[in-house]
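Quick notes on the structure that follows.
The values are calculated or read from the model by the stated rules, or taken from the named source; none is laboratory data. No experiment lies behind these values; they were computed from the predicted model shown. When we count neighbours, we look across all protein chains shown, and the Cβ atoms used for this are built from the backbone with ideal geometry, even at glycine.
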Amino acid sequence: MMTRTPFLAILFLLLACQSNSTEDAAPPVPYPVGLTDQQITVNNTVRKFRIHRPAGDAPTALVFIFHGGGGAGTDVANEGTHPLWFFRHLADNEKFVAVYPEGSLDAQNSPGWNDCRSDDKSGSQGDDITFLKALVDKLSADFKMPASRLFVTGTSNGAVMAYRFAFTHATSFRALAISAGNLPALPEGGACTSGPASAIPIMIAYGTADPAMPVAGGCVANLGGQCNRGTVVSQQATANFWLAKNGLTGVQPTVSTFDVNKNDAGDVVKHVYAGANPMVIYWMTDAGHSVPSKTVFTAPSAASGVQNRDIEFAEEAWAFFKARL
């Protein structure tokens with residue numbers, strides 16, 4: 001006759017294995033695979049964002065992508081419609097999460113960003129900085145992702161908003177990538193004036209004939225001649241600010257030139273400033289305001305100029321970010 005001792009021992013062993021299996025299992029990853037619309041309530045205000053999660057349970061990073069002003073909003077995430085959508089393609093291949101927050105409404109009732117320009121009369125007036133910090137904190141917790149694996153990028157109004165986020169929350173992410181963004185000439189007070197508390201690795205892409213974010217500084221997108229979108233400093237002054245902040249003023253850059261597409265405005269001259277907090281600048285000869293892309297064509301116009309098609313901004317930005325992981 002079988003005694004109870006072996007039976008209890010076997011039962012205990014099975015329960016122990018089941019317990020260990022539960023503890024060792026990877027936690028469920030939030031959000032569905034692919035692109036979904038989400039929202040978060042911040043200070044009693046519902047704010048929207050879109051998130052693209054790749055398949056798999058271990059994403060490598062979170063990339064926050066700030067759209068420009070002028071109406072597109074988070075539709076820049078729609079496949080093939082805007083160069084910023086390409087971050088989604090890369091997200092699937094490189095296994096990072098692409099996040100597209102939606103800005104607050106401006107005077108034209110279009111989504112934009114309340115960046116550091118104190119003289120932007122037609123821009124958004126929402127509390128975007130609080131929204132973005134809450135969103136970064138939430139997604140960092142949801143994906144159990146440290147600040148060292150969080151990255152921020154943006155274009156135009158979204159680029160200037162990315163500067164504001166960097167100025168206010170420099171330790172909340174690892175690196176920054178900018179397309180067509182100059183620093184404000186008349187910034188708001190506080191962090192907008194004092195700048196970031198620490199150096200930040202940064203990549204910037206500039207068209208040397210940008211009519212909307214003026215190359216030499218001045219009024220932003222000033223087709224109407226009223227300067228109601230505020231003013232910025234020059235591209236070079238912006239670059240000099242970051243070189244100084246990152247301790248790179250005396251560094252000689254490594255320079256390379258390439259011209260992949262002979263039918264666009266001109267070539268690209270890439271400057272790489274090496275250091276603990278490096279800086280990379282793409283000077284796109286005779287290019288305008290549009291995000292540079294090899295895959296999504298933006299027609300030339302008086303408002304935006306001619307698009308550079310020698311580089312894919314998303315690819316260059318992700319390569320810069322990936323090197324920081």
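Against the list (1) surrounded by 24 or more Cβ atoms within 10 Å (Cβ to Cβ); (2) over 14 Å from the mean Cα position of the chain (by Cα), the condition residue 96 fails is (2). Filtering region 263-277 to residues that are free of Cβ contacts under 8 Å to residues at least 60 places away in the same chain and either part of a strand (DSSP E or B) or more than 18 Å from residue 319 (Cβ to Cβ) (or both) leaves 263, 264, 265, 266, 267, 268, 269, 270, 271, 272, 273. The listed residues are 291, 296, 260, 272, and the only one of them that is in contact with a strand residue (DSSP E or B) (Cβ under 7 Å, 6 or more places away or on another chain), at pLDDT 95 or above and over 26 Å from residue 117 (Cα atoms) turns out to be 272. Go through region 60-100 and give me each residue that's assigned to a strand (DSSP E or B) and within 21 Å of residue 230 (Cβ to Cβ). Answer for region 60-100, where residues must be assigned to a strand (DSSP E or B) and within 21 Å of residue 230 (Cβ to Cβ): just 66.
Candidates are the residues of region 275-325 that are touching a Leu at 6+ places or on another chain (Cβ under 8 Å) and surrounded by fewer than 21 Cβ atoms within 10 Å (Cβ to Cβ); the one that is farthest from residue 158 (Cα to Cα) is 275. No other residue among 260, 280, 251, 296 is assigned to a loop (DSSP other than H, G, I, E, B) and within 20 Å of the chain's Cα centre (by Cα) apart from 296. Restricting 160, 136, 152 to those that are in contact with a helix residue (DSSP H, G or I) (Cβ under 6 Å, 6 or more places away or on another chain) and buried (at least 24 other Cβ atoms within 10 Å of the Cβ) reduces the list to 152. The listed residues are 91, 107, and the only one of them that is at pLDDT below 95, surrounded by 12 or more Cβ atoms within 10 Å (Cβ to Cβ) and either hydrophobic (A, V, I, L, M, F, W, C) or over 25 Å from the mean Cα position of the chain (by Cα) (or both) turns out to be 107.
Inside region 199-215, residues that are among the β-branched types (Val, Ile, Thr) and buried (at least 24 other Cβ atoms within 10 Å of the Cβ) make up a count of 1.
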